[in-house]
Amino acid sequence: MITRAALSSSGNSKHSGTSTMNLERVPNEEKLNLCRKYYLGGFALLPFLWLVNVIWFFREAFLKPSYSEQTQIKTYVKRSALGVLLWAVVLSVWITVFQHFRAEWGEVGDYLSFTIPLGTP
Amino acid sequence: MDLQPNKWILCLFICSFVTGICCNSMEKKIYLNLNYTVACVRLLNATHQIGCQSSLSGDVGVLHVLESEENLDWVLNTGHSPPYMVILEAELFTRSILMKLKDGSRRVAGVAVIEPNTNLPGGFSPHTTCPNENSGVYTETYDPTYAHCNRTMWNPFGNGLSYEEFPFPIFSMKEDNDTRVIRQCYQDHNRGENGSIPQYPLCAMQLSSHMSAVTDTPTCMRRNRIQNDFSISPEMVCDPLGGSNIWTSTRPINNTEKGHKPSQSVVIAAARMDSRSFFFDLAPGAQSSASGLIALLAAAQALRNISDEDQPNRTILYAFFEGETFDYIGSSKMVYDMENTRFALDLDNVHSMVEVGQVGIRPQGSPIYLHSDPVSRKNDSVNTEVQSLIENLKEASSSSNTNVSEPEASQPLPPSSLQRFLRARPFPGVVLQDHSSTFTNRYYESMFDNPENLNMTYPPELTPEEQLSFVTDTAKALADVATLVAQTLFLQAGGDSAKATSITADPQTVARLLYGFLVKSNNSWFEQMIPSDFKSRLVDRPTNFYTGVHMQKSEPSFLVEYILANLTGTVVNVTQEDCKAQRENEDDKESRHLYSYMWVQGAPVANSTDTDSLCVRSSVRLSPAISPAFDLDLLSSADYSTWTESRWKKINGRIFLVASHELEMLTLGVGVGILLLSLILTYLISSKAEILFCSGREPTSATY
């Protein structure tokens, strides 16, 4: 997804037929649809969809001259960014706590771990 | 035509290239691998971990041969190139030095101890001063005056090193080529001239002994279970210690029917078969284990020749316990089995117990001491039985060239398997030892508990075969103890006094057993007693008495099983096929319950390489020696042994020269710089390619 977005941003589209590769050729309604799909999809515990949303539609939402669907796209992008931030904070906190306290949690820590290191507590 | 010499030249070039690469290994030029590496490994119990741990890829340290305890200051404070790998001579392997190294462990990469050729003067015991303190019978509830060795400190030389935890690897090395190379390397590189700072490159050593298990036994067994249940390729981290107890009886006992056997009264004759030292798999155990074991084996042989009409009414059960060093693994399991109808007998069948402890160090005329438990003797019936047992011992001693003596009445039992039986119920028992209060063994459970500790020396010009049959003074003294034990057992089992005096142990057998267990197990006598497939298990070094993990049969249990069968069994005329199938003939279904059959190699036939293989029928059985804590899943219990041994991937060591950290960083920096430079250069050149490489290309159209 990100590589496709990078390709589209360089404006060198190889697949002029499909609508997903290059946002240049996509009509505005399609853009809004895509943005909404990614936004809604991210609620299924998929924060990377939100991240893609932000990166892919950032230019569309804030740097292009305005068009009718842009306000909606802007809200979606803002909300996706918020969602990504929230997930990042929660995951960072959990990862730090787990790495720090796993050894002290004994049995619980072992059952939560996927791989347990050898030779260290 | 032109290609032929080219092809040959190319072939030649490739061949010389390949030989140059593989025969000129860079690794061999840099590293010198140590041949003999004996490490200290990690053991875990219900609450602690003991032993040593290295980092995953090994710890590297600059060599330093320690000269004295004051020289530690260089390692811990003033040295300029930490971390150091400390080389200790055996005299410096003391508790105070190792504790100081443990405290300063940021600057210590590891320790290597050099084994001396002769034992240290004084004494050295890495075991605790009160062995098996919490797993014997003397607890606060039993009798607080005897708990924690309040009354008698059995092992005064004990410094407890084996039970400490070290964050760096500790290896042991012998005085051989490698040690000479190490000392030479140290002299050449690591000593500055005239007290100046030694300059890089310095001689360094890397020791690798990464242990997988950590914290304690419940944690590592839980991780074992998690690996087993959830992983595709499970990686175990630890294994319980244990093995097999070996037992046999003078009258065959039906082993298939477990539990109480009515009208069977049994006298247990016990000895332990294991020992340990600070290092893994290095446990000569001469006095702590082999002396008692050999005395009991010789006594069993002496009692074998009693004819049928002289047989006493009680049966004698010979039991050799495994794992007694580690909180009585073998005896606690046997008591547990007896209490839960998993053994061929019951505790109600047991009349009394005689245990043969450390009996090897007996200067001329010194007595054997008869230890008994004062607390259980407060009970009158037990006391009378113990008195009669002691009377039997005194009667036997008068005809066996030994004298016996009782230690002080209020002295508790030394660490012995009898303590576990007493935990179950009070009953009469005596432990034979060669010391009256503290151990005479100055090297209890250490690498110095070897034949020199028993004063066992052979005249220098003997060949190994001659040494095998040479009867040393130690062997004679031990044979006297064996005679004492045999006659006592006969009397205790109800035999006739007049017949008892004719029972004697054979000093020749004792001498051979001493040679086989303590010098070399690969000798002609042992070879005759084992099946031919196991010949490779006999080794050219002293037997290793370490218990090891329960899946592996320890060396002593392997040897005792076959020796006991040969010494107490009979040769029967049975074909090899039937023998291996545990039957006397095609239709025999009953013998396997009473007897066990072994097809052993036998004596070599003259003028050929064949041997006269034969079938030995005996009552020798194996009974599992794994702590009940693992069966009951009580891994944090204080009642049973919970010892486990960690697993590891590799244990090795190597020596090489190491450069200063600054030089390493400089080399890395230069390399990275060259990489970046070449990348930039390539980018510049490729972007200006048309200008730089104007080759004046003509169009390739042919102009004819």
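The values are calculated or read from the model by the stated rules, or taken from the named source; none is laboratory data. It should be emphasised that the depicted structure is a prediction, and the values quoted were computed from it without experimental measurement. Heads up, the Cβs are rebuilt from the backbone with ideal geometry, glycines too, and the neighbour counts pull from every protein chain shown. Keep in mind that these areas ignore ligands, DNA and RNA; they rest on the heavy atoms of the full protein, side chains included. Shrake-Rupley method; radii C 1.70, N 1.55, O 1.52, S 1.80 Å.
Applying the condition of being open to solvent by less than 10 Å² (accessible area, probe 1.4 Å) and of a type in the set (Gly, Ala, Ser) to region B:453-480 and asking which residue is nearest to B:Asn119 (Cα to Cα) yields B:Ala475. If you go through region B:197-208 and keep only what is open to solvent by 60 Å² or more (accessible area, probe 1.4 Å) and either facing chain A (nearest Cβ under 10 Å) or among the polar types (S, T, N, Q) (or both), you end up with just B:Gln199. Of the residues in region B:247-260, none is polar (S, T, N, Q), assigned to a strand (DSSP E or B) and within 28 Å of B:Thr440 (Cα to Cα). Given the condition away from every other protein chain (no Cβ under 14 Å), among the small types (Gly, Ala, Ser) and either buried (at least 16 other Cβ atoms within 10 Å of the Cβ) or not in a strand (DSSP E or B) (or both), answer yes or no: does some residue in region B:23-31 qualify? Yes. Residues in region B:209-242 that are away from chain A (no Cβ under 14 Å) and at negative phi were compared, and the one that is surrounded by the fewest Cβ atoms within 10 Å (Cβ to Cβ) is B:Asp239. Within region B:417-445, being under 18 Å from B:Thr139 (Cβ atoms), open to solvent by less than 10 Å² (accessible area, probe 1.4 Å) and in a loop (DSSP other than H, G, I, E, B) holds for one residue alone: B:Ser417.
This table checks each residue for (1) in contact with a Lys or Arg (Cβ under 7 Å, 6 or more places away or on another chain); (2) assigned to a strand (DSSP E or B); (3) under 30 Å from B:Leu422 (Cβ atoms); (4) without any contact (Cβ under 8 Å) to a residue 12 or more places away in the chain.
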| position | (1), (2), (3), (4) |
| --- | --- |
| B:Arg583 | yes, no, no, no |
| B:Ala606 | no, no, no, yes |
| B:Cys615 | no, yes, no, no |
| B:Ser623 | no, yes, yes, no |
| B:Ser641 | no, no, yes, no |
| B:Leu657 | no, yes, no, no |
| B:Thr667 | no, no, no, yes |
| B:Ile674 | no, no, no, yes |
| B:Tyr683 | no, no, no, yes |
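Within region B:502-530, the set of residues being in a loop (DSSP other than H, G, I, E, B) and in contact with a helix residue (DSSP H, G or I) (Cβ under 8 Å, 6 or more places away or on another chain) comprises B:Ile503, B:Thr504, B:Ala505, B:Asp506, B:Val519, B:Lys520, B:Ser521, B:Asn523, B:Ile530. The conditions of being out of contact with any helix residue (DSSP H, G or I) (no Cβ under 7 Å at 6 or more places or on another chain) and modelled with pLDDT of 85 or more are met by A:Ser92. Checking each residue in region B:303-322 for being at pLDDT 95 or above and either assigned to a helix (DSSP H, G or I) or of a type in the set (Gly, Ala, Ser) (or both) picks out only B:Ala319. Region A:23-121 holds helices (runs of 4 or more DSSP H) entirely within its bounds, and those carrying 2 or more residues that are aromatic (Phe, Trp, Tyr) and more than 14 Å from chain B (Cβ to nearest Cβ) map to A:28-41, A:47-58, A:70-101. Of all the numbered requirements in (1) part of a loop (DSSP other than H, G, I, E, B); (2) open to solvent by 70 Å² or more (accessible area, probe 1.4 Å), B:Lys649 misses one, and that requirement is (1). Restricting B:Thr141, B:Thr118 to residues that are out of contact with any Gly (no Cβ under 7 Å at 6 or more places or on another chain) and in contact (Cβ under 8 Å) with a residue 60 or more places away in the chain narrows the list to B:Thr118.
Within region B:481-518, being open to solvent by 40 Å² or more (accessible area, probe 1.4 Å) and either of a type outside the set (Val, Ile, Thr) or under 25 Å from the mean Cα position of the chain (by Cα) (or both) holds for B:Gly494, B:Asp496, B:Ser497, B:Ala498, B:Lys499, B:Ser502, B:Asp506, B:Pro507, B:Gln508, B:Arg512.
Considering only residues in region B:56-79 that are in a loop (DSSP other than H, G, I, E, B) and either within 14 Å of chain A (Cβ to nearest Cβ) or hydrophobic (A, V, I, L, M, F, W, C) (or both), the one that is farthest from the chain's Cα centre (by Cα) turns out to be B:Leu66.
If you filter region B:138-152 down to residues that are open to solvent by less than 60 Å² (accessible area, probe 1.4 Å) and touching a helix residue (DSSP H, G or I) at 6+ places or on another chain (Cβ under 6 Å), you find that the one that is nearest to B:Phe421 (Cα to Cα) is B:Tyr138.
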